[in-house]
Amino acid sequence: APAVPSSTNGNDPKREEKLKELKRKQKREKILRRAIPIFLTVPWFVGVIWTALHPLVSVVTGELKCRGQYIDENGLDVHRHRVERYPLERVERNNRPQLRQHLDNTFHARKESAGAGKDEPSGMCDAIYSERLAISSAVECLHHAATETLAFDVVRILPSMGPVIESTEAVVLVVGEDNGNSRTTQQQSGSKVGDWYERSDINASILHLIKKLGNKKDCPWLTKTVFIVSPAVKTASAIAASDSSGNNITSPLLGSVVDAFISSYLGDGGSSESHTANISVRPLPPDFTFPMIRSVLVLSDVETTTTATTRTEVRILPQGVGGTLPNLDLVFGTFLSLQSHPAGDRYRPEHSIYYGDSDFRIHPFGGAIEERVGQVLGRVGNIIGLKSSTVGKYAKDLSGFFGFVAGMAIGPRHPHASALNHGIDALTIEVRIPGRVSSSSSIHPHYADFIRCVEHLLRSISNLHERLHHSVAQYTMPSPSKFVSHGEYIYPAILTALPMIVRAVTLSLRDIKRFQFLHAGMVLGSVCVASSIISLWAMVTNRTRDAEDCNSEWFSHAVFFISYCIVVLAARQNNSIPEKGANADKEAKQIQTSNSNERQKSLRLISCLVGIYLHAPLLLANYSLGFPSSVFWSPLLATLVLGPSMNMLLSRNKVLLTFSIVVKCLLLIATSPPIMLVPIIFQRYTPYVLGVYTPLHLFLAALWFA
């Protein structure tokens, strides 16, 4: 009998291979369907939880604790020296009539030559030349009228080793106090009104610091030029725009003083990002601008707003504008100097600003954020059964971490920000010392110890040549003694943005069969046009808009509404070509539905790609803005957008469809920039709001209503 072909036995190799390949493909598809939701959700939660554990865990060091303080540069050593205690009693002014008359005439002549009026209260220069303290004649003081309404006194102290070692670097101290904190308005009267030395305890201690720095026997270690800047307090009658009486005293903001000093020192006429923008700033004399400024320390004496607290609060604020930060060594050097002990055996801890019952923070929001976070975590800790001390410590560090990030992202703008913008390491130290002394001859011990710590820091900085200094410049800090480096927080930040990457990859390699270039390009172009219109409007309103102007507010809402309508209309355009003929109705409907799904997938891919490209540089350069933005936008663009199958299901039920449309409209309105961001979170339309948030919000509106 003839042999039976193998094909008749049902064992065709090609067919079996096709069946096996089909089964493998179905298995891969099943695995992908299960894995994709995991990759879209789990990394986001892991990134958020990991970030919340930064105060407890350090992956870089492999320890169950946050990285502590350390000095990266060996030259900046704060442990090898001690500083003598500062006096707690004021030195009375010489009251001999002939000397007083001679000094007063000298003061008035110096003020007139500097452009100041005779009725203005005395400044730092007047206190130096008053011969109250035996200050070296080598200490020079200049009253500089930077603008028509802003002036300051600047002291220059040259190193005693100047003829041997040429000083090429300088350190700047900017000192100022609030008017409500001034002894002039609270305790002084008569002839003492306006006296700079009597005005506040911090001024009195600064004058003692100037005396020590100018004496080569007391400070032979000084190798850098020291500038001390103090705002010139003016009477209201000296300011043309003021309507107050001539007895009122006004003082410029410290931020304006720092901006004016930096502009006068550099001779740039005013920075575009500073308080002195578009204002002509007079330059300082050439002999006052020789050394290169390496560090700026702003010492701000802030009035306590409540009488219930008896604890001193010190805030070390390194945050700048746009994610800028000073060298981490400067921050830790400042905190370690505040922990230093004075020289000598007789030492009273209650006189120390660090050991005398004080609170130290690294953010500008005070203890309110700590109380709220502590209450929430305390309840969770009681349920879990954790110790209250452990929970309280973690809550303090976590609130400090959030406060540091929030201070970087939303402000407020600190006085030293303009120095950071010029590449100068700078920070602000705010002191809030309750319990004003009743005696005019006494100086609060915490003020005296604070300036002693500043001298300790100056001595540490003098040992270091900043040109060769290297350290960390990207970090976050839960407290003044702990930090999280860029190499630590970047991993959870990437995890929060991973859902957008996963969604873009699955759409481009698996879901999209035919990319709709025309539709995606139309929506992308409309988003660019709408964002440009909003940006041009914001640039104008940032300069001229009054926050309480109802007309401006309604006009802004109208601009945003028109822009969103343009984007939504572009997203709803039908770019498919319908088939002709009666017999092709069913096929045309299927093609139209398929094209609609492809358009939605293409638009979603473009949205995810834009989100990735906008957040990648933001996470690397400005973590304080990049991480919260990634946490907010990643689930919205990658997860919380319904697919074609869900949209088809909703379209069959009018109740669910109407409900979903209402919810989407309410969410878009609530999260729109003029409702959610400005002026609740940001005071004005920043580059982040215009360049990142607004385009992504427009894409979200297009995805939801396409």
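The values are calculated or read from the model by the stated rules, or taken from the named source; none is laboratory data. This one's a predicted model, so the numbers in the text were calculated from it and none came from an experiment. Virtual Cβ from ideal backbone geometry, glycine too; neighbours counted across all protein chains shown. These accessible areas exclude ligands, DNA and RNA; they are computed on the full protein's heavy atoms, side chains included. Shrake-Rupley method; radii C 1.70, N 1.55, O 1.52, S 1.80 Å.
Listing for the model above:
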item: Cα-based Rg and Dmax for the range 352-508, where Dmax is the largest Cα-Cα distance (Å); result: 20.6, 76
item: Within the accessible area of the range 353-438 (1.4 Å probe), percent carbon and sulfur; result: 55
item: Too-long pairs where the Cα-Cα distance tops 21 Å, listed order kept, from Lys601/Lys654; Lys513/Lys589; Lys27/Lys589; Lys393/Lys482; Lys30/Lys654; Lys23/Lys586; result: Lys601/Lys654; Lys27/Lys589; Lys30/Lys654; Lys23/Lys586
item: Solvent-accessible area per residue for the range 370-482 (1.4 angstrom probe, square angstrom); result: 42
item: Cross-link partners of Lys224 among lysines (Cα-Cα below 28 Å; sequence separation of 8 or more within a chain); result: Lys211, Lys212, Lys216
item: Order by protection proxy (mean Cβ within 10 Å, highest first), peptides 692-703, 311-322, 609-620; result: 692-703, 311-322, 609-620
item: Mean Cβ neighbour count within 10 Å, used as a protection proxy, ranking 198-208, 396-406, 375-385 highest first; result: 198-208, 396-406, 375-385
item: Local electrostatic count at Phe515 - Lys and Arg +1, Asp and Glu -1, tallied over other residues with Cβ under 11 Å; result: +2
item: Counting all C-alpha pairs of the range 433-533, share separated by more than 15 Å (%); result: 83
item: Alpha-carbon gyration tensor eigenvalues x 5, square-rooted, for the range 627-706, Å; result: 27, 14, 9
